[in-house]
1. Report, by residue number, each residue of the stretch 98-118 that is of a type in the set (D, E, K, R), at pLDDT below 90 and either open to solvent by less than 60 Å² (accessible area, probe 1.4 Å) or in a strand (DSSP E or B) (or both).
2. Those residues that are under 20 Å from G65 (Cα atoms), in contact with a helix residue (DSSP H, G or I) (Cβ under 7 Å, 6 or more places away or on another chain) and in a strand (DSSP E or B), I need them from the stretch 23-48; list them, please.
3. Could you list, in sequence order, the residues of the stretch 8-44 that are open to solvent by 30 Å² or more (accessible area, probe 1.4 Å) and either touching an Asp or Glu at 6+ places or on another chain (Cβ under 8 Å) or among the hydrophobic types (A, V, I, L, M, F, W, C) (or both)?
4. Considering each residue of the stretch 34-76, count those that are modelled with pLDDT under 95 and acidic (D, E), and give that number.
5. Run down P191, P227 and say which single residue is over 18 Å from K142 (Cβ atoms) and at pLDDT 90 or above.
6. Is there any pair with a first residue in the stretch 39-64 that is farther than 13 Å from T81 by Cα and touching a residue at least 40 places away in the same chain (Cβ under 8 Å) and a second that is open to solvent by less than 20 Å² (accessible area, probe 1.4 Å) and of a type in the set (S, T, N, Q) whose Cβ atoms are under 7 Å apart and which are 6 or more apart or on different chains, and what are they?
7. When the residues of the stretch 45-66 are filtered to those that are of a type in the set (D, E, K, R) and surrounded by 14 or more Cβ atoms within 10 Å (Cβ to Cβ), which remaining residue is farthest from A132 (Cα to Cα)?
Amino acid sequence: MAAKKRSVIGGVDTHRDTHRAAVIDSTGGLLADAEFPATTAGYVDLLAWMRSFGRVTAVGVEGTGSYGAGLARYLTSKKITIREVDRPDRRARRNQGKSDPIDAMTAARATLAGTAMGTPKTRTGPVEAIRALRVGRRGAVKARTAALNQMCGLVAAAPEPLRAHLTRASAAVLVSRCAVLTYDPARLHEPEHATAAALVGLARRVTALTEEITALDRQVTPIVERPSAPPKASASKKSCAA
């Protein structure tokens, strides 16, 4: 009965497959620590385990935006107060060593001390949907920019006939011209044909990525029109200099 009336605080060190949890009392004393799978069933067991020591007043969780997102959502649905806990700095890790039980206990004590005051994002609703789509768009834009840079690099060092045809072209013109280049597969040991082959492949990659970005824009637009959201990143216009 005394344990049921006791207020306790939890701390969780999160990982991809498992989470390490610790429970402390109101004075910071460690009551126990245990490991749970990073699954829905694991979240249920983790909370039940914490509650077996008393009334859970708050839980400090590391990585609520990544490995701890699922756990944070579950605890929030159960009306548990969640605090975002920063991972221990490098000096602390050097002094104490890397230890999941220590990290979980540190997360709990940071919550008790009030140094972990961040409120994790809920990762639900339209804002989370927009975030997911923008992750895909950002990756596609980055890959397209890399491919365009590679094309410009190849053009700058290409044999003169090829270079003269492609230099100083805008990105769109460069892609369209490279997409229709011809080369002889039997002569890829020659720089001109090898460069043309590489440029054709890169042009196709840029075209595919542009289509992917356009599709993602169409998918995110109706969601953006309802809640407020950050503006979409615009693709930069560029050309290859001589």
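The values are calculated or read from the model by the stated rules, or taken from the named source; none is laboratory data. Everything numeric here is computed off the predicted structure, so don't read it as measured data. We place every Cβ from the backbone using ideal geometry, glycine too, and count neighbours over all the protein chains shown. Heads up: the accessible areas ignore ligands, DNA and RNA and are worked out on the full protein's heavy atoms, side chains in. Shrake-Rupley method; radii C 1.70, N 1.55, O 1.52, S 1.80 Å.
1. If the condition is that a residue be of a type in the set (D, E, K, R), at pLDDT below 90 and either open to solvent by less than 60 Å² (accessible area, probe 1.4 Å) or in a strand (DSSP E or B) (or both), then D100 is the only one that fits.
2. F36
3. Scanning the stretch 8-44 gives H15, T18, R20, L30, L31, E35, P37, A41, V44.
4. Residues in the stretch 34-76 being modelled with pLDDT under 95 and acidic (D, E): 1 in total.
5. None of the other options fit; the residue is P191.
6. Filtered contacts from the stretch 39-64: E62/T14; G63/T14.
7. My answer is R51.
Every residue, every condition in (1) loosely packed, with under 13 Cβ neighbours inside 10 Å; (2) of a type in the set (S, T, N, Q), yes or no:
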residue	(1), (2)
H165	no, no
H189	yes, no
T195	no, yes
T210	no, yes
I213	no, no
L216	no, no
E225	yes, no
